[in-house]
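Written out below as structure tokens is the structure these notes cover.
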Amino acid sequence: MNNTDLLPLNEPKLLKAKDVIYRSVIPDRAANIDLNPLTCAKEFLPYLAKIYKVLYWDDLWSLSVKRTFVANARTVHRHIGTRWALEEVLRLVELSTVEFPAVIREGGTLLADGAFPADGQYLAGGGAGPYGFVVYINRAITRDMSQKVKKLIRTYTPVRTRLMALVYSRALVADGKYVADGAYVAGTIRIEGA
């Protein structure tokens, strides 16, 4: 395999044969393709994502998020299904930062810190047993973003686990950047069927 091959080693032989034919027909173009996700043309990133077998892609991500997500895809894929992979994915899409890290609580229970009313909806110590978990995101997100975050989390966690709730509790700073129109909310999204 030379440095212009776009196909992974485990792809079918017929597909590899087609790749050889295409490279012989357009050798200059194939030789000049930049395969580095951090420096390639932005139009090429979705194709690199497929080559690197990225499991979740959002066209609305910023260019820097797309680049770092693809650049780290192999490392994340090696650890998929682990807590580290989920933490890393949240970091890559800028939902977890050093200043405001995302927190993953296993067991499917919410923190008993007084932030949630004792109304019987959230049971201390109960819920999903060892396979349930709650994700706390320390930034404000929109309702649409919360749906994408749930899909992202489900993509990078094992099938046997259950996302019990997504908590995004950090309120927006009243700095005039955001309008109180209901798009950004703070609270808990309890996952249906969990």
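List of remarks:
- Filtered by the rule that a residue be touching a Pro at 6+ places or on another chain (Cβ under 7 Å) and of a type in the set (Lys, Arg), the range 49-77 gives a lone residue, 67.
- Tally of residues being assigned to a helix (DSSP H, G or I) and either buried (at least 20 other Cβ atoms within 10 Å of the Cβ) or touching a residue at least 60 places away in the same chain (Cβ under 8 Å) (or both) across the range 75-91: 5
Rule-based calculations on the coordinates, nothing more; no lab input. None of these values were measured; they are calculated from a predicted model. With ideal geometry, Cβ positions are generated from the backbone for all residues, glycine too; neighbour counts draw on all protein chains shown.
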